[in-house]
Structures are given as C-alpha cells and as structure tokens.
Amino acid sequence: MATPPPDHRPIVVSGPSGVGKGTLYNLLFQRHPDTFCLSVSHTTRAPRDGEQDGVHYHFVPMESFEDLIAKDGFVEHAKFSGNRYGTSKMTIEEQTNKGKVVLLDIEMEGVKQIKQSSISARYVFISPPSVEVLESRLRGRGTEKEENIQRRLAQAKNELEYSQIPGVHDKVIVNDDLEKAYKEFEDFVYKPLES
Ligand SMILES: Nc1ncnc2c1ncn2[C@@H]1O[C@H](COP(=O)(O)OP(=O)(O)OP(=O)(O)O)[C@@H](O)[C@H]1O
C-alpha cells in the first residue's frame, strides 16, 4: 500500500557517480511501492537496444527539444557529446498530479539550474565516506572503463566541493553503512512538513 510522505515536493538526489544514489532510491521504491517515481528525462540521442520511449527516456528530435527550451519547458538541460538531455516541467507536473512524489537523479550543473527555476524542490546529496571508497565502488560495479573512472573521480571532487557550500542541500547523507544511510534517506523523505 502507498504511504505518501507529508511533503509532496520533488526530491533532487545528487552525488558523485558510484556513490550509491540508485541503490538508495531503489530501496525506497521497493519498500514503499506505488509512492514514488523517477523522473523520465527527455533526450535527443537514439534509443539503445531495449530502451522504451516514455520509460527510460522521452526520445525526441533536436527540433522539438530546442522548441521546448525556447518555451522555458525544462527545469534543467545539458548537452553531452552532441546530444541534449533534460527534465521537463511537464513530466514533473504530470507525475505529481498522479499523486506520486517525483525523484530527480541529477548531476551538479542540473542541480544549479533547478535551484534557479520556478520549481520548489527538496535537495539531498549523497556523499562517499572517502574518495578511496568511491573509487573502489566504481571499480566494483564493473561498468566503467579506466578512463571513465578517472573522469568520474575528477568530477566527484567538484561535486563534493559544491556540496560543502552551506544551504545548497537540505540534507547530506554519507553512504557508508547502507542500511544506516537508507534510514537517514527515508527519514529525510518522510520528514514532517515544517510549519
Ligand atoms: N553503502 C554501500 N556500501 C557498499 N557498497 C555500496 C553501498 N551503496 C552502494 N554500493 C555499491 O556501489 C556501487 C555504485 O552504486 P550505484 O550504482 O547505486 O551508484 P550511483 O550513485 O547511482 O551511480 P551513477 O550516478 O553512476 O548511476 C554499486 O555496485 C552498489 O552496489
């Protein structure tokens, strides 16, 4: 049965690659079925094998994407290797109107953009116990090539610096012991509304 949190605002989850963001919010989805959803991004890149439109991404032509930018339809968007990616305001609104609390898994530049947008959201940053632990998780996941690992670690240092600026995030969780970090994450998500 769905147990919605008292605060329905979208939750922006950020943190370095490999820190365990997906692990934490997938646990939340398992333990609270039908309550949350992950925002589906728009992209101009072609679908990969097995990717479904509307499930993994909203796949759109460049022209439609740029049209939506011009109409201020995105809370954040970015370009990676020639393709555009973004989170549309419409996607967030539609899911919120269905009674779901929307989680956004966003990297640092996107977080900065959302903070400038009209969307009222809650911000949680997932931090590694140390850069060494982060490196071993990235390697342990076995999904990255060496050059990718080095690039992600360099980017992690920027993200960690940004997370230390007071007031940027409502909550910073160190993902050391998974169950302990999960409990902190769940407590943050289910925090009573402040009057
Ligand atoms: N508390 C933890 N202790 C040990 N290992 C963990 C912990 N949390 C996550 N992991 C492991 O670390 C690896 C990275 O986790 P995950 O894929 O959830 O990271 P992510 O932040 O979502 O990464 P990305 O941003 O690249 O998608 C996984 O192999 C996961 O099982």
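Can you name the residue in the range 92-107 that is open to solvent by 10 Å² or more (accessible area, probe 1.4 Å), assigned to a helix (DSSP H, G or I) and within 18 Å of H42 (Cα to Cα) and, of all such residues, is nearest to the ligand (Cβ to nearest atom)? Let's see the steps before the verdict.
In the first step, residues of the range 92-107 are kept if they are open to solvent by 10 Å² or more (accessible area, probe 1.4 Å); the result is 93-100, 105-107.
Those still in the list that are assigned to a helix (DSSP H, G or I) too: 93-97.
After this cut, where a residue has to be within 18 Å of H42 (Cα to Cα) as well, the list is 93-96.
Working: E93: 25, E94: 24, Q95: 20, T96: 23 Å.
Taking the candidates together, the pick is Q95.
Restrict the check to the range 116-134 and report whether at least one residue is more than 10 Å from the ligand (Cβ to nearest atom), within 15 Å of L24 (Cβ to Cβ), among the β-branched types (V, I, T) and touching a strand residue (DSSP E or B) at 6+ places or on another chain (Cβ under 9 Å).
Yes, the range 116-134 contains a residue that is more than 10 Å from the ligand (Cβ to nearest atom), within 15 Å of L24 (Cβ to Cβ), among the β-branched types (V, I, T) and touching a strand residue (DSSP E or B) at 6+ places or on another chain (Cβ under 9 Å).
Could you please let me know if V111 is assigned to a helix (DSSP H, G or I) and buried (at least 19 other Cβ atoms within 10 Å of the Cβ)?
Numbers: assigned to a helix (DSSP H, G or I): yes; buried (at least 19 other Cβ atoms within 10 Å of the Cβ): yes.
Against the criterion (assigned to a helix (DSSP H, G or I) and buried (at least 19 other Cβ atoms within 10 Å of the Cβ)), V111 qualifies.
Here is a check on your reading of the model: is Q150 within 15 Å of the ligand (Cβ to nearest atom) and more than 17 Å from T23 (Cβ to Cβ)? Show your work before the answer.
On the way: within 15 Å of the ligand (Cβ to nearest atom): yes; more than 17 Å from T23 (Cβ to Cβ): yes.
So Q150 fits the description; yes.
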Filtering the range 118-139 down to residues that are more than 20 Å from K171 (Cβ to Cβ) and not aliphatic (A, V, I, L, M) yields S118, E132, E135, S136, R137, R139
Filtering the range 136-147 down to residues that are without any contact (Cβ under 8 Å) to a residue 24 or more places away in the chain and either open to solvent by less than 10 Å² (accessible area, probe 1.4 Å) or away from the ligand (no atom under 11 Å from the Cβ) (or both) yields K145, E146, E147
When the range 154-168 is checked residue by residue, the ones that are in contact (Cβ under 8 Å) with a residue 40 or more places away in the chain and away from the ligand (no atom under 12 Å from the Cβ) are N158, L160, Y162, S163, V168
Scanning the range 1-51 residue by residue, the ones that are of a type outside the set (F, W, Y) and within 14 Å of the ligand (Cβ to nearest atom) total 19
Restricting the range 155-186 to residues that are among the hydrophobic types (A, V, I, L, M, F, W, C) and within 21 Å of Q113 (Cα to Cα), the one surrounded by the fewest Cβ atoms within 10 Å (Cβ to Cβ) turns out to be I165
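The values are calculated or read from the model by the stated rules, or taken from the named source; none is laboratory data. Values in this document were obtained by computation on a predicted structure and should not be read as measured data. Don't worry about glycine lacking a Cβ; one is built from the backbone with ideal geometry, like all the others, and counts go over all protein chains shown. These accessible areas exclude ligands, DNA and RNA; they are computed on the full protein's heavy atoms, side chains included. Shrake-Rupley method; radii C 1.70, N 1.55, O 1.52, S 1.80 Å.
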